[in-house]
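Enquirer: Pasting a structure below so you can have a look.
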Ligand SMILES: Cc1ncc(COP(=O)(O)O)c(C=O)c1O
């Protein structure tokens, strides 16, 4: 047998197992209420719509659905996505601004391949999406972390870091942002800060990755414009690369997403994708096109929003009811997650096993921090568990927190 550790290439050697995927193995024990996953509620997958849609596709376009398709995506889906962008985001796009991907995780991999050479600085939020950190790390990124506040990334700190990088003659590559109901924190980047981010992108000539899988799941408040739109309508730098996915609005099993960017970037992405998977599933693209064209998308998203709002409210009410003084949390206006802060001197990492003993699980916040900080934080998912599980799970979590506080006080 070959020596795996020595013989595998640098990129997989650098790739560390996702803490979440490892945690899910432990937390899938019977009896454990898990807030650790990030799964949409399967009760609301559009089973009947998909069954009907596949039947019609097979009758009318079977030979397209079961065939290889163009690498940049089927025109049927691109056409519908252009209309979607106009209607929902006020964005004028052309098919050459778009490439269909095998969901956003592939898009992040393509971003990594396109931009990162080993030891290149990449600017990320603290905390940030773990799957993004994992893939950028595999290409050798050196992370520059910028803290987030209640209204998104700290733009003063961001500018200071950019200034510093420029002063070092560093070849910084891009800023990775999850601006809407961020995974993990649930925080949304305000309109004011979005404007500043565009300004910085122009001033420091740096690409912005706008990764926004949760944007359509807004159940409260008003959405600020997408960074892509703001840039188009103001400075038109062409620096914004926006990632969309059907995972949260339709079904993650479809593995389908779209990148919106300048045609020159899309062209490069297309060449990369040729070597990755030739094309995304033609059948799934036709189902997604049907999902948008039929107007079922709008109806479906309304159902999801109603359910997730109810679940978020249930979680926030349970946190208020059971958590001791000193514990705080975010109350996001959309998405799937909220973020809990324990008092500074408490470690959610250390408490994890104790929580498991109480039969409740979460994701440790430090796993989302590129520098391992954030030890007193945790991410809780509210989309997957039932309202009864949310109430009971938060009660159990509060028991673990109180026991730890009592032990520390002794
Ligand atoms: C911020 C963010 N980006 C990308 C993804 C990847 O999603 P998918 O590959 O299913 O589109 C996720 C998944 O949870 C996410 O939270």
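The values are calculated or read from the model by the stated rules, or taken from the named source; none is laboratory data. Computed from a predicted structure; not experimentally measured. As a convention, Cβ positions derive from the backbone with ideal geometry for all residues, glycine included, and neighbour counts pool all protein chains shown.
Enquirer: Any residue at all in the range 99-116 that is closer than 25 Å to residue 293 by Cα and away from the ligand (no atom under 16 Å from the Cβ)?
Expert: No, the range 99-116 contains no residue that is closer than 25 Å to residue 293 by Cα and away from the ligand (no atom under 16 Å from the Cβ).
Enquirer: Another question about this same structure. Just to be sure I understand, how many residues within the range 149-173 are in a loop (DSSP other than H, G, I, E, B) and farther than 25 Å from residue 119 by Cβ? Steps first, answer last, please.
Expert: Looking only at the range 149-173, we keep the residues that are in a loop (DSSP other than H, G, I, E, B), and these are 150-151, 154, 168-173.
Restricting the remaining residues to those that are farther than 25 Å from residue 119 by Cβ gives 150-151.
Qualifying residue count for the region: 2.
Enquirer: Still on this structure, I have one more. Tally time: how many residues in the range 124-135 are within 18 Å of residue 373 (Cβ to Cβ) and either more than 16 Å from the ligand (Cβ to nearest atom) or in a helix (DSSP H, G or I) (or both)?
Expert: The initial filter retains those residues of the range 124-135 that are within 18 Å of residue 373 (Cβ to Cβ), namely 124-130, 132-134.
Now restrict to residues that are either more than 16 Å from the ligand (Cβ to nearest atom) or in a helix (DSSP H, G or I) (or both): 130, 132-134.
So the answer is 4.
Enquirer: Select from the range 352-388 the residues that are buried (at least 17 other Cβ atoms within 10 Å of the Cβ) and more than 22 Å from the chain's Cα centre (by Cα) and write down the one among them that is nearest to residue 214 (Cα to Cα). Full working, then the answer.
Expert: If we filter the range 352-388 for residues that are buried (at least 17 other Cβ atoms within 10 Å of the Cβ), which is where we start, we get 352, 355-356, 358-370, 374-385.
Applying the additional criterion that residues be more than 22 Å from the chain's Cα centre (by Cα) yields 352, 355-356, 358-360.
Values: 352: 27, 355: 28, 356: 28, 358: 31, 359: 28, 360: 25 Å.
Looking at residues that are buried (at least 17 other Cβ atoms within 10 Å of the Cβ) and more than 22 Å from the chain's Cα centre (by Cα), I get 360.
Enquirer: Right, next: Would you mind finding the one in 215, 255 that is over 19 Å from residue 90 (Cβ atoms) and within 12 Å of the ligand (Cβ to nearest atom)?
Expert: The conditions single out 255.
Listed here are the residues, each with its yes/no results for (1) assigned by TED's automatic domain parsing to the domain that holds residue 121; (2) over 21 Å from residue 328 (Cβ atoms); (3) away from the ligand (no atom under 16 Å from the Cβ).
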| position | (1), (2), (3) |
| --- | --- |
| 144 | yes, yes, yes |
| 147 | yes, no, yes |
| 168 | yes, yes, yes |
| 179 | yes, yes, no |
| 187 | yes, no, no |
| 192 | yes, yes, yes |
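Enquirer: Moving on. Could you go through the range 62-74 and let me know if any residue there is closer than 19 Å to residue 295 by Cβ and in a helix (DSSP H, G or I).
Expert: Of the range 62-74, the ones closer than 19 Å to residue 295 by Cβ are none.
Within the range 62-74 (the criterion being closer than 19 Å to residue 295 by Cβ and in a helix (DSSP H, G or I)), the answer is no, since none of the residues qualifies.
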